[in-house]
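The values are calculated or read from the model by the stated rules, or taken from the named source; none is laboratory data. These numbers come from a predicted model, not from an experiment. Here the Cβ is made from the backbone with ideal geometry for all residues, glycine too, and neighbour counts use every protein chain on show. Calculation scope for accessible area: heavy atoms of the full protein, side chains included, ligands and nucleic acids excluded. Shrake-Rupley method; radii C 1.70, N 1.55, O 1.52, S 1.80 Å.
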Amino acid sequence: MNRTSTPVDAPAPGAWEGLVTAALLGTDRRTPPGCLPGRDAPAALLDAAAVETVRRRAGLRPARAAQRPQPAPEDPRPPLPPAAARRLAMLLADRPGTSGGGRKGTAPDLMELLPQWLAAANARGYAPPPQTLPALLDAARGRTDLRPTALEFAGPRALWLARLNPDWRFALRATPGGGAALPDLRDPDRIHRLWQEGLFAERVALLGALRAREPAAARELLATTWSTERAEDRLMFLDSLRSGLGPDDEPFLEQALADRSRNVRATAAELLSALPVSALAARMAVRAGACVAVDHTGDRPTVIVEAPHECDTGMERDGVVPKPPTGRGERSWWLGQLVEAAPLGTWPARLGGRTPEQIVALPVADDWQGELHAAWCRAAVRQRDAAWARALLGPPSAPEAGGPGAVSLAERAKLLGTLEAAERADWVAGFIARHGLSEAFQLLGVCAVPWSGPLGRAVVDALNIARDAGSYPWSFSGVMGLAERCLAPSEAGRLDGLQAVPDEPEDASPGAGGYWAEAFQRLVTTLRFRAAMTNELE
């Protein structure tokens with residue numbers, strides 16, 4: 001440094017903030033600090049900002065050297081085949097389109113195929129290329145639905161990276177125990193110490209892992225500290241008993257019915273009602289049975305309902321919520337909870353030895369049918385009773401598009417979830433063949449992927465009918481998007497004839513044929529893309 005040079009003046013307090021304000025407002029409205037107004041003010045602003053930037057960087061005090069991070073853990077899984085690794089990089093490089101309107105073009109939506117690719121890679125036990133981990137974590141950060149499969153595929157090195165980058169801390173929160181290693185489940189001393197001293201996430205992870213292996217041991221561990229846990233923690237711990245729920249859990253759950261927390265009591269009651277042989281289920285069966293009977297005095301047997309007139313302390317203890325939601329009557333609210341919690345196996349004996357189909361077919365007096373059947377729907381879902389689910393769903397070709405108790409598509413979808421995958425797909429295929437696609441989107445969402453042959457053909461046939469009707473394909477964009485992800489790739493050959501622009505009828509929407517051709521071209525391209533993805537992972 002030249003000792004004769006003029007020293008640089010110390011910056012005025014707030015100089016940087018003044019420069020930023022002038023840049024935001026414009027030099028016509030705010031003169032930069034230390035500059036003259038006029039035509040040269042913008043250049044002077046940039047010069048002053050450059051000088052101030054150098055001054056700020058040079059003025060940083062050296063920090064104490066941080067400890068060098070430990071090396072990333074090894075991932076013992078086999079690496080991806082080279083073609084699959086290139087495909088992963090292509091999927092991660094894609095970004096959702098920003099164009100407006102209903103037209104999507106013919107190219108596949110790669111981000112929508114990423115979850116399927118990850119699931120297939122996880123099923124084959126592959127490890128990701130290390131250089132793709134940052135992009136994989138960024139993708140999972142932006143999409144919560146992607147996180148479970150993405151973090152499973154990313155493996156232990158993703159947690160190592162997440163500890164170094166605050167943007168990826170969600171990976172630690174999403175991993176049981178925050179990524180910490182659990183003790184050997186055969187080491188009771190370490191298990192007890194972690195349960196007593198560990199962080200909440202570690203304790204939840206420990207309880208879940210132990211419950212999956214030794215349900216009784218997990219329940220006994222929970223009992224050791226149950227009375228001293230916070231209410232919100234007791235609720236979370238109690239929820240872990242859903243895995244492996246059995247008759248041996250009944251004594252513990254019966255004690256939880258007297259818990260100080262209403263939410264804990266309600267969860268305990270729900271779990272007990274899922275055990276058809278529990279004492280609570282028997283109590284609910286008696287209460288519900290007293291409200292429902294068959295009247296034989298008329299022209300045909302009819303179900304009569306006498307809803308409870310009060311919610312006593314015993315009902316409250318067994319999980320019945322006394323205060324109904326706004327707009328709901330008290331008696332119907334109490335009746336629904338009793339019927340929902342009563343074992344479905346008690347109704348045939350109570351109602352004359354009839355089967356579920358015969359019971360559902362009986363008329364119900366005094367407009368109680370909707371309330372009663374809706375409660376049976378909830379009971380069938382809770383108790384995973386396929387026979388009652390079939391009865392309440394009814395045939396898919398029924399005029400009302402389902403059984404009388406299935407009052408909404410959401411309830412039908414839940415009832416379908418109790419059936420085996422093949423039966424579920426056949427029912428939805430029959431529903432689409434009879435009623436079309438206008439109400440099928442929610443039902444298709446519960447079907448196994450890839451769709452079965454009959455279901456896939458029913459969807460394609462319905463789309464073809466909609467195309468021939470001359471409507472725009474945007475009304476069916478949700479179903480078309482599902483088809484791109486769920487239709488079996490082997491169906492691509494059947495769709496070749498639908499890629500051409502059809503002759504439009506006179507009453508068709510202008511240009512609809514071209515839009516449909518484009519939509520089917522994208523569907524075929526996506527199916528072949530998915531086939532290539534699968535082949536590369538083999």
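Need the failing condition index for P404 against (1) at pLDDT 95 or above; (2) in a loop (DSSP other than H, G, I, E, B); (3) under 22 Å from V305 (Cα atoms), just the number.
Exception for P404: condition (1).
For residues in segment 193-221 being out of contact with any helix residue (DSSP H, G or I) (no Cβ under 7 Å at 6 or more places or on another chain) and under 22 Å from D248 (Cα atoms), which is least open to solvent (accessible area, probe 1.4 Å)?
Per the stated criteria, the residue is A209.
Within segment 286-324, which residues are closer than 19 Å to W347 by Cα, in a helix (DSSP H, G or I) and open to solvent by 80 Å² or more (accessible area, probe 1.4 Å)?
The one that is closer than 19 Å to W347 by Cα, in a helix (DSSP H, G or I) and open to solvent by 80 Å² or more (accessible area, probe 1.4 Å): V286.
Take segment 55-75 and flag every residue that is part of a helix (DSSP H, G or I) and open to solvent by 100 Å² or more (accessible area, probe 1.4 Å). Walk me through how you get there before you give the answer.
Filtering segment 55-75 for residues part of a helix (DSSP H, G or I) gives 55-58.
Selection gives R56, R57.
Each row is one residue, and each column tells you yes or no for (1) in contact (Cβ under 8 Å) with a residue 40 or more places away in the chain; (2) touching a Gly at 6+ places or on another chain (Cβ under 8 Å); (3) open to solvent by 10 Å² or more (accessible area, probe 1.4 Å).
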residue	(1), (2), (3)
T326	no, no, yes
G329	no, no, yes
E357	no, no, yes
A361	no, no, yes
W376	no, yes, no
V381	no, yes, yes
W388	yes, no, no
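If I ask for residues that are of a type in the set (A, V, I, L, M) and either open to solvent by 10 Å² or more (accessible area, probe 1.4 Å) or assigned to a loop (DSSP other than H, G, I, E, B) (or both), which ones from segment 150-170 would you list? Give the derivation first.
The initial filter retains those residues of segment 150-170 that are of a type in the set (A, V, I, L, M), namely 150-151, 154, 158-159, 161-162, 164.
Matches in segment 150-170: L151, L159, L161, L164.
Report yes if some residue within segment 112-122 is among the aliphatic types (A, V, I, L, M), at pLDDT 95 or above and in contact with a Lys or Arg (Cβ under 8 Å, 6 or more places away or on another chain); otherwise report no.
The answer is no; no qualifying residue exists.
Of the numbered conditions (1) within 22 Å of R242 (Cβ to Cβ); (2) open to solvent by 30 Å² or more (accessible area, probe 1.4 Å), G370 satisfies every one except a single condition; which is it?
Looking at each condition in turn, G370 falls short on (1).
Of the numbered conditions (1) at pLDDT below 95; (2) open to solvent by less than 40 Å² (accessible area, probe 1.4 Å); (3) assigned to a helix (DSSP H, G or I), R147 fails exactly one; give the number of that condition.
That leaves (2) as the condition not met.
Within segment 433-456, can you find the residues that are assigned to a helix (DSSP H, G or I) and either of a type in the set (G, A, S) or out of contact with any Asp or Glu (no Cβ under 8 Å at 6 or more places or on another chain) (or both)? If you could, list the steps in order and put the result at the bottom.
Of segment 433-456, the ones assigned to a helix (DSSP H, G or I) are 433-435, 441-444, 453-456.
Across segment 433-456, the qualifying residues are A433, R434, H435, F441, Q442, L443, L444, G453, G456.
Looking at (1) assigned to a loop (DSSP other than H, G, I, E, B); (2) crowded, with 18+ Cβ neighbours inside 10 Å, which is the only condition L272 fails?
(1)
Which condition breaks for R230 when tested against (1) over 20 Å from I191 (Cβ atoms); (2) in contact with a Gly (Cβ under 8 Å, 6 or more places away or on another chain)?
All conditions are met except number (2).
Output the qualifying pairs, or none if there are none: Cβ atoms under 6 angstrom, residues six or more apart or on different chains, first residue in segment 207-232 and closer than 16 Å to R193 by Cα, second residue open to solvent by 40 Å² or more (accessible area, probe 1.4 Å) and not in a helix (DSSP H, G or I).
A209/L182
Scan A422, A429, A398, A365 and give me the residue that is open to solvent by less than 50 Å² (accessible area, probe 1.4 Å) and under 27 Å from the mean Cα position of the chain (by Cα).
Details: A422 fails: open to solvent by less than 50 Å² (accessible area, probe 1.4 Å); A398 fails: under 27 Å from the mean Cα position of the chain (by Cα); A365 fails: under 27 Å from the mean Cα position of the chain (by Cα).
Going through A422, A429, A398, A365 in turn, the sole match is A429.
In this structure, does L482 turn out to be modelled with pLDDT under 95, hydrophobic (A, V, I, L, M, F, W, C) and closer than 19 Å to M90 by Cα? First the steps, then the outcome.
On the way: modelled with pLDDT under 95: yes; hydrophobic (A, V, I, L, M, F, W, C): yes; closer than 19 Å to M90 by Cα: no.
When the stated conditions are applied, L482 does not pass them.
Could you pull out the residue among A41, A48 that is touching a Cys at 6+ places or on another chain (Cβ under 6 Å), surrounded by 14 or more Cβ atoms within 10 Å (Cβ to Cβ) and not basic (K, R)? I'd like the intermediate steps shown before the answer.
On the way: A48 fails: touching a Cys at 6+ places or on another chain (Cβ under 6 Å).
Checking each option against the conditions leaves just A41.
Can you go through P454, P473, P502 and tell me which one is at pLDDT 85 or above and either farther than 15 Å from F441 by Cα or crowded, with 18+ Cβ neighbours inside 10 Å (or both)? Explain how you work it out, then say what you get.
Values: P473 fails: at pLDDT 85 or above; P502 fails: at pLDDT 85 or above.
So the residue among P454, P473, P502 that is at pLDDT 85 or above and either farther than 15 Å from F441 by Cα or crowded, with 18+ Cβ neighbours inside 10 Å (or both) is P454.
Return yes or no: is W117 crowded, with 20+ Cβ neighbours inside 10 Å, in a helix (DSSP H, G or I) and at negative phi?
On the way: crowded, with 20+ Cβ neighbours inside 10 Å: yes; in a helix (DSSP H, G or I): yes; at negative phi: yes.
Yes; evaluated as a whole, the condition is true for this residue.
Out of curiosity, is A258 modelled with pLDDT under 95 and either among the aromatic types (F, W, Y) or open to solvent by 20 Å² or more (accessible area, probe 1.4 Å) (or both)? Spell out the reasoning first.
Numbers: modelled with pLDDT under 95: yes; either among the aromatic types (F, W, Y) or open to solvent by 20 Å² or more (accessible area, probe 1.4 Å) (or both): yes.
Yes; evaluated as a whole, the condition is true for this residue.
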